[in-house]
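Values in this text are rule-based calculations from the coordinates and carry no lab data. Just so you know, these numbers come straight off a predicted model, no measurement behind them. Every residue, glycine as well, gets a Cβ built from its backbone with ideal geometry; the counts of neighbours run over all protein chains shown.
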Amino acid sequence: MRIELERRPDVSKLFSILSPFIALGLTLFFGGIMFMMLGKDPFAALYSFFIEPLTEVWSLHELAIKAAPLILIAVGLSVCYRSNNWNIGAEGQFIMGAIAGSILPVVFYEWQSPLVLPLMMLLGMLGGALFAGIPAFLKAHLNTNEILTSLMLVYVAQLFLDWLVRGPWRNPGGMNFPETRTFDATAILPEMIASGRAHWGFGFAIIAAILVWFMMRYTLKGFEITVLGQSQRAGRFAGFSSRKMIWFSMLLSGALAGLAGIAEVSGAIQQLRPVISPGYGFTAIIVAFLGRLNPLGIVVAGLVLALTYLGGEAVQVSLQISDKPIRVFQGLLLFFVLSCDTLIHYKIRMMWYDLNDTTGEGAR
Amino acid sequence: MGIYEAILLTVITAATPLVLAAIGELVTERSGVLNLGVEGMIIMGAACAFIATQLTGSPYIGILAGIAAGALFSLLFGFLTLTLVANQVATGLALTILGLGVSSMIAEPYLGQSGIKLPQIVFPVLSDIPFLGAVLFKQDLIFYLSIALVAGVNWFLFKSRAGLKLRSVGDSHASAHALGINVIRTRYLAVMFGGACAGLAGAQLSLVYTPQWAENMSAGRGWIALALVVFASWRPWRIIAGGYLFGAVSISQLYVQARGIDIPSQFLSALPYLATIIVLILISHNRRTTLINTPASLGKSFVPDR
């Protein structure tokens, strides 16, 4: 058997909407098989993985808390990927944003003012943007592959945070635990609505998604991003600079990842610890693709992936299995998303005979 | 055994997985495919090699399991990028994410178990040569394999007909297709070779480097291997030079600490990653030489027109 692709004359509208759903369906199917192999009832497992977290108010709040960083980061990444700049170091930019934003509540903890919170958010964006500026500079001016440099910097950021919370920033009154002092009330991002814990990070995420969606759809910048991403040459003829685009997309995604970092630390954790992210920066890559690199799609995709985190915690309790299936689910999902995207541009044909046997039948 | 021999031995142990993963990826990239899933294939190899060794008691079966795991896992990548022409960068990332997840799930029951170390193979007479004997001829099978693989790949790429075809596929898939070379099949084989090498690198980690299983024990080596291929400008022998350089950097922290120099350990742990960035800058800043060395079709999908 062989599989042949035939290019569609036009992009299939039907499949550009359907493909993420087909991917989700396939992930659920294979996820069910995985649970069966672990010796669990697949329906009960999938129920507590994907439905149960949606049935209570507090867990909906948790969903928003987990979705916020995913959406914020993925929205920035979508601009990068659309313009063909492969920033995969958002995890590092998230951490550096969290560190930069935490300077005020950790080092200048005595300063309490309504200005603290907005300044923290700005510092977070600045920290993330500057850190993303390193691979941007290296790519734009020294021709260095941004995939590898941005990824390497993730490890550097993780080690830097580890050093800070064990060394200079360790809480003097913290019994030697590797964590900073807890933030003052003026440095904590408030809840969005009174019914639960969800903080304003989710609000930031929605605002960012709408703004970037507007930019991509209605502004010249959005057009420039798309053109340069599809063909650098065409972009050059139109007078667009791919060097400036590297800077723009990397700084934007770095700033959003940094904002996600400081919002997470200030809203959910309220201090710095050696590990502040369960891999949000990498999961956001899946979010970006599941949302088909469209900011509004990313909002939905972010909620779906946030659900996998919650569901993972839920099955740990209800089925006594480890949290490991989360990563498998997320990996499978990205695989299926990428393979289903083929359906948008190509018709897939299964050929049940070997073409080599028919070579004598004339030119095809 | 003197201190220099001891240092050299640790450098070799740290460098071997990098050399292995990089030489496999080099062949893959020479065929025009950029597989960013090296990290995922290494960790799958490490997990499967460890599990097989624990189950059978034989680290040699472990090695085979590691190789098979890497090759089979790379087929997933091959199917998506070659048959379904999915984006190579994104699919490589997916392979890494999936590999880290699957490996930590299947090997979880083996956490904390002490493994079986791959025994040394001692060459008689040769191993008695002062200094070099202990370093080069008292090693485990995987070390010998790593050197043989580099030599073999060098011969294959530049002296054999099949190697020439593989390079032509990587440099211009359209021309190679027109000449009647089966582009997709060549690339499948190259991807699987890369997967097998990465799997072997993983087996080295869980059978030689630290004979046990730990989650994420590949610790970014797959990404360093990818950087090594760029560093080597796609030439096999330079992989050894680069691999050993990185091996030396990554173990330098042990010696700095042993000498009691007061630098925070985190800064030393960051050294290999920073070194990778610096090396990448030095190698890539000249656009012309980069352009000459890089396989021209690298990262581009190919759909044969019929």
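Here are the numbers for the structure shown:
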{"item": "For residue A:346, distant residues with modelled amide H under 5 Å away", "result": "A:8"}
{"item": "Distance from the stretch A:257-319 to the stretch A:68-121 (C-alpha centre basis), Å", "result": "14 Å"}
{"item": "Highest-fluctuation residue, A:351, A:152, A:245 considered, GNM on chain A with Cα pairs under 10 Å", "result": "A:351"}
{"item": "Residue B:33 long-range amide H proximity, modeled H, under 5 Å", "result": "B:299"}
{"item": "Exercise: per-residue mean of other protein chain Cβ atoms within 10 Å, A:156-162", "result": "5"}
{"item": "Peptide A:328-341 - average C-beta neighbours from other chains (10 Å radius)", "result": "6"}
{"item": "Highest to lowest packing among B:27-40, B:275-288, scored as the average C-beta count within 10 Å", "result": "B:27-40, B:275-288"}
{"item": "Overall Cα dimensions of the stretch B:78-151, principal axis frame, Å, largest first", "result": "53, 35, 17"}
{"item": "Distance between the stretch B:243-286 and the stretch B:1-71 - C-alpha centres, whole angstrom", "result": "21 Å"}
{"item": "Highest-MSF residue in chain B out of B:266, B:212, B:139 [GNM, Cα springs under 10 Å]", "result": "B:266"}
{"item": "Sequence of A:332, A:256 once ranked by neighbouring C-beta atoms within 10 Å, starting from the fewest", "result": "A:332, A:256"}
{"item": "About the Cα centre, charge dipole magnitude for the protein assembly as shown (Lys/Arg +1, Asp/Glu -1 at Cβ), debye", "result": "1980 debye"}
{"item": "Number of partner chain Cβ atoms within 10 Å, mean per residue of B:260-268", "result": "3"}
{"item": "Dipole axis of the protein assembly as shown (+1 Lys, Arg; -1 Asp, Glu on Cβ), positive-most option in B:94, B:132, B:149", "result": "B:149"}
{"item": "Sorted by Cβ density within 10 Å, fewest first, the residues A:52, A:191", "result": "A:191, A:52"}
{"item": "Hz values of 3J(HN,Hα) by residue in the stretch B:206-220 - Karplus curve (6.51, -1.76, 1.60), Gly and Pro given as x", "result": "8, 10, 10, 4, 9, x, 6, 10, 9, 4, 6, 5, 6, 6, x"}
{"item": "Binned Cα-Cα distances of the protein assembly as shown, short to long, each 10 Å bin given as a whole percent", "result": "3, 14, 25, 27, 19, 8, 2, 0, 0"}
{"item": "Lysine pairs within the protein assembly as shown, Cα separation less than 18 Å, 8 or more sequence positions apart or different chains", "result": "7"}
{"item": "Enclosed volume per residue, in Å³, of the convex hull spanned by Cα atoms of chain A", "result": "182 Å³"}
{"item": "Normalised contact order of chain A, rounded percent, pairs of Cα under 8 Å and 6 or more residues apart", "result": "35 percent"}
{"item": "Candidates B:206, B:127, B:104, ranked by Gaussian network fluctuation over chain B, Cα under 10 Å, top entry", "result": "B:127"}
{"item": "Rounded D (µm²/s) - the stretch B:3-293, Kirkwood Rh over Cα pairs, Stokes-Einstein at 10 °C, 1.306 mPa s", "result": "82 µm²/s"}
{"item": "Fewest-first sequence of A:30, A:131, A:15 by Cβ atoms within 10 Å of each Cβ", "result": "A:30, A:15, A:131"}
{"item": "J(HN,Hα) series, the stretch B:254-264, from Karplus relation 6.51 cos²θ - 1.76 cosθ + 1.60, nearest Hz, glycine and proline x", "result": "4, 6, 4, 5, 4, 8, x, 6, 8, 10, x"}
{"item": "Dipole of the stretch B:159-249, positive end: most advanced residue of B:248, B:219, B:230 [Cβ charges, Cα centre]", "result": "B:230"}
{"item": "HN-Hα J in Hz across the stretch B:49-63 - Karplus 6.51, -1.76, 1.60, θ = phi - 60°, x for Gly and Pro", "result": "4, 5, 4, 4, 5, 5, 6, 9, x, 10, x, 6, 5, x, 4"}
{"item": "Relative contact order (%) - criterion: Cα under 8 Å, at least six apart; region: chain B", "result": "36 percent"}
{"item": "Segments A:39-45, B:257-263 sorted - mean Cβ within 10 Å per residue, highest first", "result": "A:39-45, B:257-263"}
{"item": "Hydrodynamic radius by Kirkwood, which averages 1/r over all alpha carbon pairs of the stretch A:41-189, in angstrom", "result": "17.8 Å"}
